[in-house]
Each structure stands twice: as structure tokens, then as C-alpha cells.
Amino acid sequence: MNKMWAVLKREYLQAVRKKMFIVMTFLMPVLMVALFFIPSLLMVRGLGTKNVVVLDGTGELREAFLRGNASAAKKSGLSGGSQLPNLISVSYIDRRGDMALPLTAKPYLERMTQGDKRQKVDGVLLIPGEALVNPAAVLTFYSRSATDFLTQEKLTSMANRGLQRLRLAERGLSSDDVSRIMTSVKVDAVQLSKTGQKKKGGAESFMVGFMLTALLLIPSFVYGLEIMRGIIQEKTDRVVEILVSSMSSSQLLIGKIFGVALVGLTQIGVWLLLAGGAATFAAATASFAGFDVLQFLHPSFFVYFVVFFVLAYLTYVCAYAIGGAACNSEREAQQLIMPITMFMMLPWFLMAAIITNPDSTLTVAFSLSPVFGPLTMFVRTLVGDPPMTHVLLSIAISLVTVSVLLWITTKIFRVGILSYGKRPTIPELWRWIKVA
Amino acid sequence: MSEILAVRNVVKVFDSVRAVDGVSFTVRRGTITGLLGRNGAGKTTTIRMITGIFMPDSGSIEWRNLAAGGAAVRDRIGYLPEERGLYKQMKLVELLLFLAEIKGKRPAEMRPNIDRWLERFELTDKRDAKVEELSKGNQQKVQLIATLLHDPDLIILDEPQSGLDPVNMVLVRNLLRELKEEGRTILLSTHMMGEAEKMADEIVLIHRGKVVLEGSLESVRESFGHNTLHLDYDGDGSFLADLPQVARATIDNHGAELTLGDSGDPQKILEVAMGRLRIRRFELGAPSLEEIFIEKVGIETLAAEEALR
């Protein structure tokens, strides 16, 4: 026990004294905040303005485009940031009765690919004259980037709303009635939980959920990698023989793993303190990017974060420890464990589906499964409202998983740590488990 | 003198190679035991089983009067592995404290000990330096301190001379003698027979995983008789090997060790040698360990193995 403690202490002190640790601890929150705010800033600065030329063969839609554009500009305040900023500056050209629109469009299309920057055109929308009368009429949108679907979508919606207005007006409705019909209702997303506490939902929750999950996942992998490096370093520095002649390999391994876990917890502790501070500040100033962060930084959040971080870390770290023990270079080790870590990361790749459906069968199954459990259950506690039995069951399953993984890892570690030969194959690793 | 360690018929197989194949020997308290053999004979594997790094596939390692329980025995051993290594990023003092701690010592109690050792090896001014900043010779000294810091009863040194500069070599030799006088037990593994001859009381000769010879240095040499001629001379002595009475010869630059055949007459050989060389030393005695080793294993076997390498 004392020896394990000595290893743990050494790992911890050596790690937290490194400059890299201090830099990461204070840089990471800055990066996260930047990730959150930069899109909003971009929007305010108007960096995303697109110059679009609309050639209207009907000659009736001027108002639709000018009005639509104005309301879009009004909305572009500092909000959420779930959508990238997309301001459109429309140059409306009335081409009523023009039967050869593509020909008329030609000089504009040329301005898309050449010409000086001040006259740059990002897109051209053609509305054929028959659009009002023929429901099958097709609008054509030329753009420089095929991926600019946001601009396309906005223009299409402006055109369609304009056309709908005109069609309604044709049926003899007054413009007031038309406006009333066309008004869309605002949806305020509120999440209700059994405890009666209200959470604001929507795109913002999605973003914050993603960010906090990344905050949990990234250190797990960073510190897993750190363990792997440490073990390989001990092998190349040949310290390992002194170590395993002085203590059992499980004492060494467990001491290392928990030493590094404490390093991770220290870092996360600093982050959570900073987040708590920022949230308190935000609450004081009553607005934090337009919504309430405090709904996430509930006391239970801190508990869940720490619990699920430790469980996730302990799960992932086993793969890295095996890689480190079995191989002699980082590259070899990465190759060996790549398939394992990829598999373990599965919930992360499905994160969008999990966050948007915290109560789906898939999410619940993942959260109660070994390996995927910690990350998925953390997301559920964050954006969903899982029953306490699920949470506890997930923790229990993870604890069993971690014990089994650690046991296997110790065995491989014992054989691998003194082997300097070529990288073992997976069947060879299996044999090591049986031998040790 | 009492036994401290008994190795009983241990076997260790790697894949299909029997690295250690039924090795038995004992180590007595207060002696220096030389574990001899060529590279790859099975010395390091044997030592790793003794230090608890490997478990023997069969056979046993038995401890007498060292300490009860596996964990405690570990703490009474000081081990210098063949592959040297230290945490390069750590400060000297921190490293030594850590290494003492994993031997079950309290860091606070160890500080005076560390200071004493550092002073003895003239490293006091380097105590706050990182290991990687030390010269290679100094790193070797640190490794030695790490082996001895926790006052072990049994000191196991695997090829202690490998990579040592001549100054440190002498330092190690004197240190070993001193430790022996203090009553410590030393197990010294080496492929340099000459070195073992200078140091060891007992020898265990291993070849291809098996013990081929065991006993006190004196008795071993005694049993190989006094029919070996040790010659030091100036000139080209290569003809000595071709003399009819010489069964086997090891010729160096300015010396030779000649094993005489049954009919060999030392005086005759001296006569011939004096005619062609300037003799500086002529001694009839027991063979050197090197010669004993060659005789025991067989020159043909050695040559065949050499060819396979």
C-alpha cells in the first residue's frame, strides 16, 4: 500500500509541476469559451455577409426580399450561436416579362468568378415569370460554393413566402389578413423534469451539452495517452526492472493510474471552479450569451462530472496501459490500440443523436452498457432526466467493467512491461493474459 | 556460515527456449557469490526469478533468515539490473527518496542516508540536479546508490562492470569488498571471468541454462589441478600453442596460459620458450576461471556455438 502511494505521489507531483500542465489547465477554458463566442462575434462583425443578385421574372417579389432581409438582419444579435452567421445582402432586379432570364443572368454569373472584390457576387437567384401561375415552376440558384445551403435555404424561404402572399392576395384577401395568416408562431423550448425544475432547451442546450461532454472526454484521453507515454518511457529508460523488483506489477500499475487520475481531477477541479466563477458572474450580469448557464451548473452536475470522468478515464486508460506495456514506441502502441479506442469512442461519434434523444432506446442501452456507459449516462444527466435507478445501475456496471479491465490490464502489463521484442498481436496479448 | 538463499531446480521457458533449465545453488551469508556464464547463458533470467520479476515455471526460490513473506524479502534486496535506468527527468534527491520509499523506507528517515551516500560518491553538489544533467559516470554512481541506499542484506549485481569507466570499476570493486566486510551478502553476475576471480568466494557457472560447476573458488581451482602454466613475456609467443606437450593454449599479446598434457614437463617448455622469448613470469599453478570454463564446457561446443552466432 505504501509503495502504491509512493508511485501515485511521484506520478502526481511530476505531472502537475510540468509547464504543459499549467498551460493546459488555464488555456483549455479559454479555448472552450472562444469556441462558444467566436461565432457570435463573427455575426456581429458581419463577416458572413453574402451578396446575392435576385433576377425576378415575375416583377412582384421586391417587397418579399427587402422585408425578409430586414428581419434577418434584426435577428442577428448576440444569440445562441447554433447557426453560423449568415447575413444576406440582396440586390433585387425587376425583370418582369424577361423570357430569357439565363441570358440576362450571364454578366452576373461572370461577376461571381471574376472581377474586382468590391463588385463581388456570391450567388444569383433566378425566378422565372411563370413562378406565380405554374406550381411546377423551378427557381435556380447559382452559388460559388455548393455547400452554401444556408443562404440557399433563406433565399428559397423568402421567395416562397413572397409567392404565397401573392397567391393569397390573388384570392381576394386583404393585405392585413395575409399578414395575419403568414405570421409564424414562436416556439420557446422548455424542458420539464420530474423534480419540477425547468430547463431551457433548444439549440443552446445542445451546444453546451456537446461542450461539457467534450470537456469530460478530452482529459480522459489526454491522460490515458499520458499513462501510455509514461509506461513506454519507463521501458526505454529501463527503470522498470527496479520498479517491478521492488513491488508487484499491480501495485505499480494501480499507483500510476490513480496518480494520473488525480492529475486529471486537479485540472478538472480548476476548470469547474473557473466555470462556477464565470457562471456566478454571468448570473450576476443576468445574461450569458442570452440564456441561463446555471441550469447546467446545478450542484448535481459537479458530482456527476467527477464521477463519470473518473469512470470514463478508468475505462479508457486500460487500453492505453495495455498499449504502453505491450509496445516499445508510441507509434506502435497507437497502432495496436487504435481499434480499441475507436470502439470506445462510439458514443462520441453518435453524440448528436444521443444529445437530441436522451431518452431513446439507443441512448438508454448505451448508458447502461459497459465501456459506453460513463459518457452516455453523463450526457443523459446533462440534457435528459434519467431515473436515479438508471444512474446508479450505470455506475455499478461501470465499476464492474473497470475492475475486470484493470485485472486484464495488470496481467498484460506484467508480461509486457519486460518484453522488448516486436509488438505483440492481439492473439499474443490473449496468451499473455492466460500466462500471467 | 548460514545459507541466505537457496535456488531449487528452477526452470523458465520462453516460447520454446529453456532459458533456465533446472538451476540449483545456494548463497551463504556474508560471501560474494559469482554467477558466471557467457551472455545468454541464463544468468539474468535466474536473477529476475530471484528478484521476483519472473515467476519460475517450476522449482522454487527459498529464503532463509532474510525476512518472512514475499513483500518483505523484496525490501531486503538491493538490485542493480544489467539494463541501467533511472527517471531522467527527476531531481537526484527526489529520485533517491522515491527509490527508498518503494523499498519500504520512510522518506524522512532516508534523508541522512542519502546525504551520506552522495558525499561518499562526491555528488553532494549535484543533489538538486536532474538525472539527465549528470555525466554518464555520475549516473552510474547514482544507480549504485539506488541499489545500496536502503541497507539491503542481499545485494544482487547483474554485470556491474558493464559500461563502467575504469575509475568507477575500481570504486565498485572496493565498495563490494567493504560491503562484504560489513557482513552483507553479494550475488554478482558477470561474464568476465577475470573479474569474478578477483572478487568471488563462491562460484556458480551456468551454461545454456544449466549449472555446470559450483563451489568455492578455491576448491574449484584445486580440483582442476596444478598443471597450468602462466607465462608473461616479450615477443611473439604464438608458437607455444603448437608445442607437443601443450594440450590447450590461450595466447594473449604478452602472455599465455598453457594447459599441459599428461606428459607435459614445465621445465622443457620453459627451455624452449627461453630460446625464443624474453620471459618475465613463469608460474605453475591452478588454471584460471576462463580455462576452467573452457575445459568444463568443451572447446568444441564453444566453437560450434560461436559459428552459430
Looking at (1) more than 14 Å from chain A (Cβ to nearest Cβ); (2) farther than 12 Å from B:LEU149 by Cα; (3) buried (at least 16 other Cβ atoms within 10 Å of the Cβ), which is the only condition B:LEU118 fails? (2)
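Listed here are the residues, each with its yes/no results for (1) within 14 Å of another protein chain (Cβ to nearest Cβ); (2) part of a helix (DSSP H, G or I); (3) modelled with pLDDT under 80.
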site: A:ILE22; (1), (2), (3): no, yes, no
site: A:LEU42; (1), (2), (3): no, yes, yes
site: A:ALA64; (1), (2), (3): no, yes, yes
site: A:GLY68; (1), (2), (3): no, yes, yes
site: A:LEU78; (1), (2), (3): no, no, yes
site: A:ILE93; (1), (2), (3): no, no, no
Which listed residue, of B:LEU154, B:LEU149, B:LEU188, B:LEU205, is more than 14 Å from every other protein chain (Cβ to nearest Cβ), in contact with a Lys or Arg (Cβ under 9 Å, 6 or more places away or on another chain) and modelled with pLDDT of 85 or more: B:LEU205
Can you find a residue that is at pLDDT below 85 and away from every other protein chain (no Cβ under 13 Å) anywhere in segment B:67-76? yes
Counted residues, segment B:78-88 - those being facing chain A (nearest Cβ under 7 Å) and either hydrophobic (A, V, I, L, M, F, W, C) or over 9 Å from B:GLN143 (Cα atoms) (or both): 6
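A:SER245 - would you say it is among the polar types (S, T, N, Q), part of a helix (DSSP H, G or I) and surrounded by fewer than 18 Cβ atoms within 10 Å (Cβ to Cβ)? Let's see the steps before the verdict.
Values: among the polar types (S, T, N, Q): yes; part of a helix (DSSP H, G or I): yes; surrounded by fewer than 18 Cβ atoms within 10 Å (Cβ to Cβ): no.
No.
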Residues being within 18 Å of A:SER248 (Cα to Cα) and among the β-branched types (Val, Ile, Thr): count how many of those fall in segment B:77-109. 2
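So that you can scan it fast, the table gives a plain yes or no per residue for (1) over 17 Å from the mean Cα position of the chain (by Cα); (2) without any contact (Cβ under 8 Å) to a residue 40 or more places away in the chain; (3) assigned to a helix (DSSP H, G or I):
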{"site": "B:LYS198", "(1), (2), (3)": "no, yes, yes"}
{"site": "B:LEU213", "(1), (2), (3)": "no, no, no"}
{"site": "B:HIS230", "(1), (2), (3)": "yes, no, no"}
{"site": "B:VAL272", "(1), (2), (3)": "yes, yes, yes"}
{"site": "B:GLU283", "(1), (2), (3)": "yes, no, no"}
{"site": "B:ILE292", "(1), (2), (3)": "no, no, yes"}
Sole miss for B:ASP151 among (1) under 29 Å from B:LYS105 (Cβ atoms); (2) within 16 Å of the chain's Cα centre (by Cα); (3) not aliphatic (A, V, I, L, M) is condition (2)
Just one of B:ARG111, B:ARG29 is over 26 Å from the mean Cα position of the chain (by Cα), at pLDDT 85 or above and closer than 26 Å to B:GLU178 by Cβ; which is it? B:ARG111
Counting only residues that are touching a residue at least 40 places away in the same chain (Cβ under 8 Å), facing another protein chain (nearest Cβ under 7 Å) and under 16 Å from A:GLY230 (Cβ atoms), how many does segment B:91-106 have? 0
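At least 1 residues that are at pLDDT below 75, surrounded by fewer than 23 Cβ atoms within 10 Å (Cβ to Cβ) and not polar (S, T, N, Q) in each: list the helices (runs of 4 or more DSSP H) lying fully within segment A:353-436 that qualify. Explain how you work it out, then say what you get.
Numbers: elements: A:361-367, A:373-383, A:388-416, A:426-435.
By residue number, A:426-435.
Could you tell me whether B:LEU5 is on the phi < 0 side of the Ramachandran plot, within 14 Å of chain A (Cβ to nearest Cβ) and touching a residue at least 24 places away in the same chain (Cβ under 8 Å)?
Numbers: on the phi < 0 side of the Ramachandran plot: yes; within 14 Å of chain A (Cβ to nearest Cβ): no; touching a residue at least 24 places away in the same chain (Cβ under 8 Å): yes.
Spelling it out, it is not the case that B:LEU5 is on the phi < 0 side of the Ramachandran plot, within 14 Å of chain A (Cβ to nearest Cβ) and touching a residue at least 24 places away in the same chain (Cβ under 8 Å).
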How many residues, within segment A:236-271, are within 14 Å of another protein chain (Cβ to nearest Cβ), of a type outside the set (A, V, I, L, M, F, W, C) and closer than 20 Å to A:TYR313 by Cβ? 5
It is to be established whether one or more residues within segment B:20-40 are crowded, with 21+ Cβ neighbours inside 10 Å and closer than 17 Å to B:LYS103 by Cβ. no
Within segment B:193-228, count every residue that is surrounded by fewer than 19 Cβ atoms within 10 Å (Cβ to Cβ) and in contact with a Ser or Thr (Cβ under 6 Å, 6 or more places away or on another chain). 1
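The values are calculated or read from the model by the stated rules, or taken from the named source; none is laboratory data. Just so you know, these numbers come straight off a predicted model, no measurement behind them. Don't worry about glycine lacking a Cβ; one is built from the backbone with ideal geometry, like all the others, and counts go over all protein chains shown.
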